[in-house]
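Read-outs: derived from the displayed coordinates by stated rules, not from any lab. Note that the structure is a prediction, hence the values are computed from the model and not measured. When we count neighbours, we look across all protein chains shown, and the Cβ atoms used for this are built from the backbone with ideal geometry, even at glycine.
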């Protein structure tokens, strides 16, 4: 879910979209044409399949399923990553050659839907009320804009917190009583932090799971645990007492319990490998010998942030149809192939996420490892950016940059939050 570093501003490309519409498009529309007779190329932008042999093989199965309905249509995939996804979308829109199917994440739907880049799925009988019966509640609001559904949830990307039992006991802490507030978290993290003779941190007491200039999601998560959502109905809700307390807390912890921006080579949670005593983790852990091993897994305990409200940060992958697509019917058929339960199960395993169908808690992925089981159980506590403004894709980058300036003491935290709130309107 770390995407800020690769984002570019959407506004310039979207501003060109209306005048560029139609330029360079070769295929004739297949909408209304019997599927068996439809020809052309369906362009799919999809970061949900890893650029690996297994990822390509899984995607090929989706294409095979789609071609049972549209046998003469070709599928042209673009296996983007979330680091270059926005750039690819903006470029294609500006060039007037939009993708037919676009898979994006939480916080992306409202900005694109507001610019009429995504299609209202009610055309295919899918509304917020319908999706409530099929998908996870955590992803319904992020897929909705102005009361209409513009994306079909595919995967849920959940996060939790983990501690090392052995490290807790060594520090005189009870691993069966994880920190329940930011104040308790601070005390525990300080006790768990190890330093060498020169004062250099050799083992962080808490891993923020944040690279340099990437503390936005951490801030959103910790703020939500105080009962304060980042946005409410598109309006900023962080330039206030709780917002400032949360930012100042992160500022006080960085370089005290973990060096700023510390990550390992694989950019995986440090607590899973024992490189940190406690920290934020993703949605799955491999306890096999090919992963971190059963001994490491047995030393872990998972919990959720709770500074007044127990929460679990949940992002996800959501599939939309381009409003300028010449193959909307085919695009919907492709999404139907993509959302087969067996396909979602395979995607969840490949991405270490959860399938976004309603019974995710009983999915193969949730039953495959203790961390996935834990985050699946915690989905009712889901939070994210809540209801961001329509300029959120631009704001994401601003958040990371300006939060970093506050965390490193380069700018006053209160002024940073006030400035961000002003830019959100």
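Summary of computed values
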| item | result |
| --- | --- |
| On Cα atoms only, tilt of 392-407 relative to the major axis of the chain in degrees | 20 degrees |
| Relative contact order of the chain, pairs being alpha-carbon contacts under 8 Å that are 6 or more residues apart, as % | 26 percent |
| Alpha carbon centroid spacing (whole Å) that separates the range 32-67 from the range 338-377 | 21 Å |
| Antiparallel bridges, percent of DSSP beta bridges restricted to the chain (to nearest 5) | 70 percent |
| Convex hull of Cα atoms in the range 302-425, direction-averaged projection (nm²) | 10.8 nm² |
| Cα-based Kirkwood hydrodynamic radius, the range 272-362, one decimal, Å | 16.4 Å |
| Alpha-carbon gyration tensor eigenvalues x 5, square-rooted, for the range 342-384, Å | 16, 11, 9 |
| Dimensions (Å) - the range 132-230, Cα atoms, principal axes, largest first | 58, 32, 24 |
| Centre separation in Å (Cα based) which lies between the range 380-425 and the range 123-183 | 20 Å |
| Of every Cα-Cα pair in the range 18-126, the percent that sits beyond 17 Å | 61 percent |
| Size-normalised alpha-carbon gyration radius of the range 206-339, reference 2.2 N^0.38 Å | 1.35 |
| All-pairs alpha carbon distance profile, the range 146-288, 10 Å steps from 0, percent | 10, 37, 34, 14, 4, 1 |
| Protection-proxy order for peptides 397-405, 175-183, 29-37, each taking the mean of Cβ atoms within 10 Å per residue, highest first | 397-405, 175-183, 29-37 |
| 0 to 90° range, to nearest 10: angle between helix 85-95 axis and the chain longest Cα axis | 30 degrees |
| Dimensionless Rg/Rh of the range 246-321 - Kirkwood Rh, Rg from C-alpha atoms | 1.02 |
| Angle between the chain longest axis and helix 11-20 axis [Cα atoms, degrees, rounded to 10] | 0 degrees |
| log10 of Debye I(q)/I(0), alpha-carbon scatterers only, for the range 173-246 at 0.19, 0.23 Å⁻¹ | -0.93, -1.12 |
| Calculated [θ] (222 nm, deg cm²/dmol) that DSSP helices of n ≥ 4 give over the chain, each run adding -39,500 (n - 2.57) | -10500 deg cm²/dmol |
| Average silhouette area of the range 68-173, convex hull of alpha-carbon atoms, in square nanometres | 11.3 nm² |
| The range 50-105 shape via C-alpha gyration tensor axes, a/c threshold 1.5 | oblate |
| Translational D in µm²/s for the chain (Stokes-Einstein at 10 °C, 1.306 mPa s, Kirkwood Rh from C-alpha pairs) | 71 µm²/s |
